[in-house]
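*Asks:* Below: one structure in structure tokens.
What follows draws every value from the coordinates through simple rules; no lab data is involved. Since we're looking at a predicted model, the values are computed, not measured. Please note: Cβ atoms are built from the backbone with ideal geometry, for glycine as well, and neighbour counts cover all protein chains shown.
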Amino acid sequence: MNVDDLRAKIRRKHAVSVEQFRAAVLGPQGHNGPETKAINGRSPFPSISHPSVTDRHAAISVVGDVASLAWLKENPALPGLVMTLSIAGRHKLLGERMSLPSGECDAWICEIVGDDLVPFVYRAGTLSGVGGRASTVYYHVFMDETRAGVMKPDGFDHPQLRHLSEL
């Protein structure tokens, strides 16, 4: 299945929870800044978990936040915001990390951010897990102060950052 077909499947099965997650990430609960503190040792940021749409043995989890680009130490003069989303897979029975197909990761992220922000999605890299395969994939969506999507700002340098159209 291609990304559009996977998005349609995600939309059919999980539209309500995806919409709630999107609203939480873009709302005050998803704000990340110097004052953000862990709650009981866990991330205070919104998360979502569902069965994989490509592997009946896998479950996905996505965590998201939005931070001011000025808060990031790379270039504190940058205006705007960045939404960071991470997606990871786990074996439903064994609980172990497992890799997910990149098409499914892209589909979940595109469905979560919505059509207005899809043109501004960048894959930001991966962490290796089981057998050296990627187990957590990171994405960035750059936005202006009104939370409208914008292309990667000049001065935001990240060696693994690639626009989805480049993949």
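*Asks:* Can you compute the label reach from residue 71? Point 7 Å from Cα along the Cβ direction, backbone N cut-off under 16 Å, restricted to segment 1-32.
*Replies:* Those under the cut-off are 24-32.
*Asks:* Here's another thing I want to ask about it. On a 0 to 90° scale, report how tilted helix 3-26 is relative to the longest principal axis of the chain, with both axes built from alpha carbons and the result rounded to the nearest 10.
*Replies:* Long axis of 3-26 versus the principal axis of the chain: about 50 degrees.
*Asks:* Number of Lys-Lys pairs in the chain under 20 Å by Cα, sequence gap 8 or more or different chains?
*Replies:* Qualifying lysine pairs in the chain: 4.
*Asks:* Hey, another quick one. Cα gyration tensor of segment 69-110, axes a ≥ b ≥ c as square roots of the eigenvalues: rounded (a/c below 1.5), prolate (a/b > b/c) or oblate?
*Replies:* It is prolate, given that a/c is not under 1.5 and a/b is the larger ratio.
*Asks:* Obtain the nm distance between the two label points defined at residue 144 and residue 4 by a simple spin-label model: each point lies 7 Å from its Cα along the Cα-to-C-beta direction.
*Replies:* 2.9
*Asks:* Sticking with this structure for a sec: Using a 7 Å offset from the Cα along the Cα-to-Cβ direction at both residue 92 and residue 15, what is the distance between the two label points in nm, to one decimal?
*Replies:* The two pseudo-label positions are separated by 2.3 nm.
*Asks:* Oh, and also: How much net charge surrounds residue 147 when only other residues with a Cβ under 15 Å from its Cβ are counted (Lys, Arg +1; Asp, Glu -1)?
*Replies:* That sum, taken over residues with Cβ under 15 Å, equals -4.
*Asks:* Here's a follow-up. Between residue 158 and residue 102, take the C-beta separation as r, use R0 = 22 Å, and let me know the FRET efficiency to the nearest 0.05.
*Replies:* Details: r = 18 Å, r/R0 = 0.82.
The value I calculate is 0.75.
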